[in-house]
1. Look at A:R309 and say whether it is touching a residue at least 24 places away in the same chain (Cβ under 8 Å), of a type outside the set (A, V, I, L, M, F, W, C) and within 14 Å of another protein chain (Cβ to nearest Cβ).
2. Name the single residue that is nearest to A:I64 (Cα to Cα) among those in the range B:91-103 being outside any loop (DSSP other than H, G, I, E, B), touching a Ser or Thr at 6+ places or on another chain (Cβ under 9 Å) and touching a residue at least 12 places away in the same chain (Cβ under 8 Å).
3. State all residues of the range A:240-282 that are more than 24 Å from the chain's Cα centre (by Cα) and polar (S, T, N, Q); if no residue qualifies, say none.
4. Can you report the number of residues in the range A:196-228 which are in a helix (DSSP H, G or I) and open to solvent by less than 60 Å² (accessible area, probe 1.4 Å)?
5. Residues of the range B:239-262 being in contact with a strand residue (DSSP E or B) (Cβ under 8 Å, 6 or more places away or on another chain) and not in a helix (DSSP H, G or I), which ones?
6. Suppose we keep only residues that are more than 19 Å from the chain's Cα centre (by Cα) and away from every other protein chain (no Cβ under 14 Å) within the range B:99-131. Which one would you say is surrounded by the most Cβ atoms within 10 Å (Cβ to Cβ)?
7. Taking A:I232, is it of a type outside the set (S, T, N, Q), more than 20 Å from the chain's Cα centre (by Cα), farther than 30 Å from A:R97 by Cα and not in a loop (DSSP other than H, G, I, E, B)?
8. What number of residues in the range A:57-79 are more than 8 Å from chain B (Cβ to nearest Cβ), assigned to a helix (DSSP H, G or I) and open to solvent by 20 Å² or more (accessible area, probe 1.4 Å)?
Protein chains: 2
Amino acid sequence: MTIREVAKRAGVSIATVSRVLNRSKPVSEELKRRIEQAVRETGYLPNAVARSMIQKRTGLIGVIIPEIANPYFSGLVEGIESVAHQHQSHIMLAVSRKDPRREMDLLRIFQARQMDGIILAAARVGGELRRVLQSLTIPYVLIGQRPAGLRAPCVKVDNRRAACEVTTHLIGKGHRRIGMISGPMWDLASGKERYEGYRDALGEAGWTPRPEWVAAEESFRLQDGVKGMERILRAKERPTAVFCACDRMAVGAIQALESRGIRVPDQIAVAGFDDEEAATMIRPRLTTVRHSPFEMGWKATERLMATLRGEGSSPDEVIRVGHGLVVRDSTSGGK
Amino acid sequence: MTIREVAKRAGVSIATVSRVLNRSKPVSEELKRRIEQAVRETGYLPNAVARSMIQKRTGLIGVIIPEIANPYFSGLVEGIESVAHQHQSHIMLAVSRKDPRREMDLLRIFQARQMDGIILAAARVGGELRRVLQSLTIPYVLIGQRPAGLRAPCVKVDNRRAACEVTTHLIGKGHRRIGMISGPMWDLASGKERYEGYRDALGEAGWTPRPEWVAAEESFRLQDGVKGMERILRAKERPTAVFCACDRMAVGAIQALESRGIRVPDQIAVAGFDDEEAATMIRPRLTTVRHSPFEMGWKATERLMATLRGEGSSPDEVIRVGHGLVVRDSTSGGK
């Protein structure tokens, strides 16, 4: 279906249809209704546009993040904010506290409060969340992960590949005993995928993860890094390098080593993930993976805005943001 | 006016009035209207309760903060979230980007989107903001600072006293040449009051601030600390101690010293404010002022909830949260 057919069916010019769709000029209610009907009948446009023609935009974008005291999510929100600002929109932010029930509540609240669209960084993805998302009548974009079987745009980093690269860097430094402090496996992006990347790299070297060198923690806080490292240090034979699923955990891991007088990187090298501000605050400076939560937020919002303009491409598009290994002192020197 | 008089005027029992006010049991619309009218006529209750009787509660609290990538504000939001959660409420968070116009827009949006109340951490306080706040018909609590002449509850730290204490600590360590990297003076709480506390302490010792040792930056980022210290180091005679208006600036100041090979605290002692996580991440560990943004968020929300229940005490109450000096390595040793 083309705009020409919509115009023909509504009995107006293409310019008029375009004017109504872009709201570039006011038109009569009667004319608007006729064009809307033609749009619906021809199926010319994605739902979002037909909808945004019918509903008035509120200029509000709902954003749901699992936690707030985490630079990853504040970077994300800053990216979202920047694009929203360019589009004269405001964001309404809600924190799910990693509680799937709250997440689902919040999705419904945002819809009821007439957000134009939603950006969701889900803590866990399951079938129930998928069903709530499928029931939404406003557009949304996911960040980081997507429930299986859901057709929706998703912005993400290639966590698996990046984790593989940082582990391969450790192998290249001569390390043969490499541990990992990981997050929870139900967090597909930062938990599971980063662990898989670590396993991939070991696999390429012909090894498998040693259970006593892998600490899977329930969250990504500094204190989890301390705990994880303490657990790993109980192994009879210690690893010479430990990859941590995020920088905050790596900072905790280094603190645990420091408090035992174990030198980083000479005795145990440590690498993180995220390149937070803390990575260059601590000594030794942290080797880590740089990616940009700001860019993720930015791209997710651009995508949402495109959908609102009716320009959405494939509905289950995966939008990747780049990453890069940043080698610093915490893994310097060879083994 | 007492509840008895409301009951008498409405021609119902006290128990019925109480039931309507607390919504503990459904009553007929007609009865509700009669009691509401009696409440209005007798002036028995604070506006908020009369209002919450008329409007249905939405269980949503609007929160406005100036920026998100700052642990101070994320701590605040966590405190707010915790109390909101206990009251089966959700928070809708918006970021003003320190733009007074956005702040005022957001206040209006929150009211239009039927928040039960608003918690505002204003970036700047001026007459225009005061007028918008005065026009609100929903209750609100301020955090950190309050526009002059506005009667509204406000939760804050005694920044001036705390800044005086940390400066006095430096004097006690034998320092005679003490500089400061401050924030902008339009930020009354973290900018102006912390500078005044520094000046108070010098004043008690019989000194006045030396302009070449005071760097007033436009924001509170790490990079502002770097810039501020670089500026101070240009002075012919250098200070032996520098107090920074926040920890992030102190981290930047220490990085600037480190990059010039100036030892902390031996050559220049550095103190911060806020006791962020970074304060113990860096070496030397940072002397700073501990206070709890979480507690501020917590207390602000408790106060808002009390107002919603009609239990508000004095409308222009100032609720103070505690603080304490934490002495660490960055100011250890005497001069």
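The values are calculated or read from the model by the stated rules, or taken from the named source; none is laboratory data. Model, not experiment: these values are computed from the prediction. Positions of Cβ are generated from backbone atoms using ideal geometry, with glycine treated the same way; all protein chains shown enter the neighbour counts. Ligands, DNA and RNA are excluded from the accessible area calculation, which covers all protein heavy atoms including side chains. Shrake-Rupley method; radii C 1.70, N 1.55, O 1.52, S 1.80 Å.
1. In short, no.
2. It comes out as B:I91.
3. Of everything in the range A:240-282, those that are more than 24 Å from the chain's Cα centre (by Cα) and polar (S, T, N, Q) turn out to be A:T240, A:Q255, A:S259, A:Q267.
4. In the first step, residues of the range A:196-228 are kept if they are in a helix (DSSP H, G or I); the result is A:196-204, A:211-213, A:222-228.
Retained after the next criterion (residues that are open to solvent by less than 60 Å² (accessible area, probe 1.4 Å)): A:196-198, A:200-203, A:213, A:222, A:224-226, A:228.
The qualifying residues number 13.
5. The answer is B:P239, B:T240, B:A241, B:V242, B:F243, B:C244, B:A245, B:C246.
6. Among residues in the range B:99-131 that are more than 19 Å from the chain's Cα centre (by Cα) and away from every other protein chain (no Cβ under 14 Å), the one surrounded by the most Cβ atoms within 10 Å (Cβ to Cβ) is B:E128.
7. The answer is no for A:I232.
8. Of the residues in the range A:57-79, 2 are more than 8 Å from chain B (Cβ to nearest Cβ), assigned to a helix (DSSP H, G or I) and open to solvent by 20 Å² or more (accessible area, probe 1.4 Å).
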